[in-house]
Structures are given as C-alpha cells and as structure tokens.
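Remarks on the structure that follows.
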Amino acid sequence: MSLISQNVPSAFKANKTKRDDDGVIDEPPLLLQGNEDNGDEEVTDLDIVRTKKRKKARKEDDEKVAVEQKEKEQLEDSLFGAINSPLEFGKGDEEEVGDGADLFFVDRSASGVLSVDEEDGELSEEETQERKPVWVDEEEEKAKINIAKVNRLRKLRKEEEESLISGSDYVLRLRAQHAKLNPGTEWAQLDRHLLESSYSDDESLDEENRVGVARGYKGVESVDDLLRTNEDLVVKSSSKLLPGLLEYSALLNANAEEPSNGPINSVQFHRNGQLLLAAGLDRRLRFFQIDGKRNAKIESIFLDDCPVRNASFLPDGSQVIIAGRRNFFYSFDLVKAKVDKIGPLVGREEKSLEFFEVSPDSSTIAFVGNEGYILLVSSKTKELIRTLKMNGTVRSLAFTNDGKQLLSSGGDGQVYHWDLRTGACIHKAVDEGCINGTSLCTSPTGTLFAAGSDSGIVNIYNREDFLGGKRKPIKTIENLTTKVDFLKFNGDAQILAICSSMKKDSLKLIHVPSFTVFSNWPPPRRSIHYPRCLDFSPGGGFMAVGNAAGKVLLYKLHHYHHA
C-alpha cells in the first residue's frame, strides 16, 4: 500500500460528514468505498470521536435555530394574527393558544342597531369584549374634533348646538354612521334569529340547516334534497308588472327584410310565439321568423284581387283568414300551403267582409254585416251557420275568453252580449259617454272588457258587474283625442294597448292593475308614425306595431322572459 492510498481516508473523511444545502449527508467518495470494501484500511478511533462531536455540535445548533424560529413565529402571531399556524374550523391547539385567547374577533358594527341619534355611542359589554383592540391610541381621549365646522361631519351631531367632541366619541360616531349607511348582508350575519321575520309568506325557513327555502320547496327536508333537484332554485318574488315606467328596448323591425309598399293593417303572432304575419294594402301576406336579431322572412303570398284589410290566425294555428273590401275572403292553410277563396256567402249581399273576429276555440268566424247584422261562419266548412241582429249598425266585435259569448257595439252606443249557443241577446247596456262605439276587446282572463268610441274615450268594465246591471266603468281613459281604432290586452291582462290611426304617435299603453298610462311610451326619440295595428306575443316578450309607412316595429318588453 502506497502513501497516497494510506492518506486517502483522512483526506476524504471531512467529505463523509459534509452536508449539502438541504442538510443531507453526502456519500463517501468511490475511492474510499473501495478501500473499505477491500479491508485495506480501517477508520481510526480518533476520527470516530471527532465525527460524533461534530454531529452533536450541529444538532445543538439546529435545536437552537428551531427555538429561535419558534419564538419568532409566536411573536408574529401575537402581532399580526395566526398567519404561521392557522387553526382549522372545529379544532383547537391547546398547546399554543391559551384558554382565554381569541384567534379572531367578529365585527358586529354592520349588523347591530347602532345609530347616530343614540343617547350614548358606547358599545354593549358583550361587543366590547369581542372587539377588544390590540392597540389603543392614548391621544384619542385628549384630541378634540369640531364636527360643526366641516360640512360633511355635521351629520354626526346629536344636537344642533354641539360642536366639539372627544376623539373616542368621534370614532364611535363614525362607526355608527358607517353601519347605518352600509348595512351588512343577510347571509353574512351570524345572528340569524331575525331571519324568519324577513322572509315573506311565500318562503319558509329550514330550521335544522338554517336555509331559506323558496316557495314550492316546502316539503324539502334537507339541503341535500334541494341541491339534487334540477328545477329552478331562484324563484321570482313577484310577477306583477309595476306602473310608471315600462322597461323595453327597440329591436330590428320585424319586416326589415321585406318592408311593405303600403300601410300595414294586420300584425299577429302565431301561438308558438316565433312566427309573425304582416299584411296590408300592397296585397301581400308575409310571414317572418321573429328572433329580435335577424327576423328572417319565411314566406310571402300575393293576392291579386284583394288589398288586405284584416288577417288573423285561427287560435289553433292551422289557418289564416284574410279579408278585404270584397264580398269574399281567403283561407290560407299553413300545413298544406294552399290558398282557398270563399264566398260570396249564400243569401247575403254584403259588399265588404273586412271586419271579423275569430273565436278562441277556432270554431266560429264572426263577420260584420250590413244593417246591424252579425254573420257567424263555421271555420271548418266556411259556411254561414247563423246571423245576429243589432238595433244599430255594427262597428266592432269581441269574443269572450271561453268562446261561448260574443260582444258587439256600434252606432247606437250600446254594448250587446250574445249567447252563441242560442243566438239570443242576453244583455245590452249603454256604454257610458259613448255615442258611436268603434272598438271592443276582452281580457284573456275574462273578467274585464274595454270599449272605445269615436271621441277617443276608452271605458274599462268588469264584465260580471256590467251584466249584473252596474253601468259605471271601473276606469275611463281619456288619453286619446281621436277615434279609437284598436284595443288589445296582452297575455296576462296587465297591459292594455289603445291606438288611433288618425293621429301620429297616437298609441298608449295602460297599466291595467293601476289603470295608469306608462309615462315613457310612446318612445320619446323614435316616432311610431301612424299606428294601425298591434299585437303581443303569447308570452308577452315581444310587441309588434304596424304603421301606415309599411313598417312593423318590434319591441322587447323586459318584464317578460318568454316570447
């Protein structure tokens, strides 16, 4: 064995116990391992003792550093909170946290009943204990604040003559003012005993889990059952339309792809809420797919010998009835895409069948005839089945919501009620203040009906009271000054549209529950020209207005979420 090989163990012994940056002991060199494996050289007892001393010294140093680090962390926790050893919910660390120590405090100033007008601004004893500050400024008691000198601080005064207050009172009053202006949210409050009083009759409280359950979920026993359902979890508090201002927005014109060359006399939505028909004096019947963005045209039908005065879907959506100032009318089958010409009616000499109404059950079409006659035609056979006779001329018709009765008015200023099963007039009474009736409309609920006259007056009646002998209307609308040509209730009878084609922008929307006019309609910056017809989509989301300029204006009513 050479001298070089004999000195190798002592030269590399320091490397055996050398630690890397991570505190891991390095492995001895391969040369040393080879010498040990071969048994050529053994480590002396002196080297072993030195190694043990070094290990012991390093261990003591490590323990000293750990103690210093622990003391440092405890100091940081006491000053800034438990940032180094956060406590899990429901668990405690008894070794590090004393029995009386608070890991956090709850600020109840937002949810309390503090007020600037309280006799004293002191917090309750319980809240003072919970909100014990870590550090108190001793200068606050000595400082004096003049709250009368600064305008924005005058609201903190309890008395008008009060001016100087101490710094601590100033802080308390600022806290109370902040709590008054910024009340805490209900879900963030720990005091939930007041929660039951804030819920309406439509909601109930799950006592076990402290969860508000909306109407329709009263049978739900736990939160898990509520979260397993695929139904709507957010329930609207109310579906009532508020009076005053109507929330709406103007959309692309419904017939923007193909405007009419003449006045629009009829617009109506199909029962699916997406198909809209528009017809006018240019003798074309157009169908549009309404989406509010493109409003694509689907079909256009040209009637060579009939300028369209009135067109309407059958309520079942299978056909369209088209009429003009002719002694015949047309029927367009939507399924077969076939147009049929019907008339003249047997035994009748009417030269115009332009005014008609279709019954809600799609069984009967009522036409306005000559000399006070009302012509009832079957929608299936297109044949005359019965006639009704008024004392005066007939000007307007309206079916009740069940289709069993028909209302009519005209030149004698009276409103007639007809029983369609027997053909008898069951009631007639004068429309208050009316000389010539020009329009009628019944509500979808069947409780109300509106009657318009040539003087611009619209009377709204309760139908049952009217049949019972009460002649006074619930409300008289006097917002129009010319002949009322058109009346229309929307689907839930919360809006009544009244219009006159004789005056520009003469279209009003009535809030039916309050019988007041929406003040922001018609649109102040967009003219609707001379309105001639109007319709609401079945869900109430869209409103289409046809005017004399050949345009069909389309509006979105934001209160309603479906077309």
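Could you list, ordered by first residue, the pairs with Cβ atoms under 6 Å in which the first is in the range 444-465 and closer than 18 Å to V394 by Cβ and the second is among the charged types (D, E, K, R) and not in a loop (DSSP other than H, G, I, E, B), at least 6 apart or interchain?
F449/R463
Suppose we filter L375, L353, L345 for residues that are under 18 Å from S266 (Cβ atoms), touching a strand residue (DSSP E or B) at 6+ places or on another chain (Cβ under 8 Å) and of a type outside the set (K, R); which single one remains?
Every option except L353 fails the conditions.
Provide a single number: the residues in the range 372-429 that are of a type outside the set (D, E, K, R), part of a loop (DSSP other than H, G, I, E, B), farther than 17 Å from L314 by Cα and open to solvent by less than 60 Å² (accessible area, probe 1.4 Å).
7
Being farther than 18 Å from V545 by Cβ and either among the hydrophobic types (A, V, I, L, M, F, W, C) or touching a Cys at 6+ places or on another chain (Cβ under 9 Å) (or both) narrows it down to one residue among L276, L245, L252; which is it?
Criteria check complete, one pass: L245.
Does the range 278-288 include one or more residues that are touching a residue at least 24 places away in the same chain (Cβ under 8 Å) and surrounded by fewer than 16 Cβ atoms within 10 Å (Cβ to Cβ)?
No: zero hits.
To keep it simple, each residue is scored yes or no on (1) among the small types (G, A, S); (2) within 25 Å of Y530 (Cβ to Cβ).
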position	(1), (2)
L406	no, no
G410	yes, yes
V430	no, no
G452	yes, yes
V484	no, yes
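Residues being open to solvent by 10 Å² or more (accessible area, probe 1.4 Å) and either polar (S, T, N, Q) or at pLDDT 95 or above (or both): count how many of those fall in the range 516-528.
Residues meeting the conditions: 5.
Could you tell me whether any residue of the range 125-142 is part of a strand (DSSP E or B), surrounded by 10 or more Cβ atoms within 10 Å (Cβ to Cβ) and modelled with pLDDT of 50 or more?
Looking through the range 125-142, none of the residues is part of a strand (DSSP E or B), surrounded by 10 or more Cβ atoms within 10 Å (Cβ to Cβ) and modelled with pLDDT of 50 or more.
With (1) among the charged types (D, E, K, R); (2) open to solvent by 90 Å² or more (accessible area, probe 1.4 Å); (3) at pLDDT 85 or above as the list, and E27 as the residue in question, which single condition is left unmet?
In the conditions (1) among the charged types (D, E, K, R); (2) open to solvent by 90 Å² or more (accessible area, probe 1.4 Å); (3) at pLDDT 85 or above, E27 misses (3) alone.
Within the range 499-511, is even one residue more than 25 Å from S266 (Cβ to Cβ) and not hydroxyl-bearing (S, T, Y)?
For the range 499-511, residues more than 25 Å from S266 (Cβ to Cβ) and not hydroxyl-bearing (S, T, Y): present.
Among the residues of the range 266-290, which ones are basic (K, R) and modelled with pLDDT of 95 or more?
Once the filter is applied, which keeps residues that are basic (K, R) and modelled with pLDDT of 95 or more, the range 266-290 yields R283, R284, R286.
Quickly run through the range 142-184 and pick out the residues that are within 27 Å of K132 (Cβ to Cβ) and among the hydroxyl-bearing types (S, T, Y).
S166, S168, Y170
If we scan the range 305-326, do we find a residue that is over 24 Å from F536 (Cβ atoms) and loosely packed, with under 15 Cβ neighbours inside 10 Å?
Checked against the condition, which is being over 24 Å from F536 (Cβ atoms) and loosely packed, with under 15 Cβ neighbours inside 10 Å, the range 305-326 yields at least one hit.
Those residues that are surrounded by 13 or more Cβ atoms within 10 Å (Cβ to Cβ) and within 42 Å of the chain's Cα centre (by Cα), I need them from the range 331-343; list them, please.
The answer is S331, F332, L334.
When the residues of the range 263-277 are narrowed to those that are open to solvent by 10 Å² or more (accessible area, probe 1.4 Å) and more than 30 Å from S514 (Cβ to Cβ), which ends up farthest from the chain's Cα centre (by Cα)?
Across the range 263-277, the extreme among qualifying residues is P263.
Give me the residue from the range 292-323 that is closer than 28 Å to Y248 by Cα and assigned to a loop (DSSP other than H, G, I, E, B) and, out of that set, nearest to the chain's Cα centre (by Cα).
G292
Does K351 satisfy being assigned to a loop (DSSP other than H, G, I, E, B), open to solvent by 40 Å² or more (accessible area, probe 1.4 Å), basic (K, R) and farther than 24 Å from G546 by Cβ?
yes
When you go through (1) at pLDDT below 95; (2) within 42 Å of the chain's Cα centre (by Cα) one by one for G413, which number turns out not to apply?
Among (1) at pLDDT below 95; (2) within 42 Å of the chain's Cα centre (by Cα), G413 violates only (2).
The values are calculated or read from the model by the stated rules, or taken from the named source; none is laboratory data. Everything numeric in this text was worked out from a predicted model, so none of it was measured. Glycine also receives a Cβ, built like all others from the backbone with ideal geometry; neighbour counts cover every protein chain displayed. We work out accessible area using only protein heavy atoms, side chains counted, and drop any ligands, DNA or RNA first. Shrake-Rupley method; radii C 1.70, N 1.55, O 1.52, S 1.80 Å.
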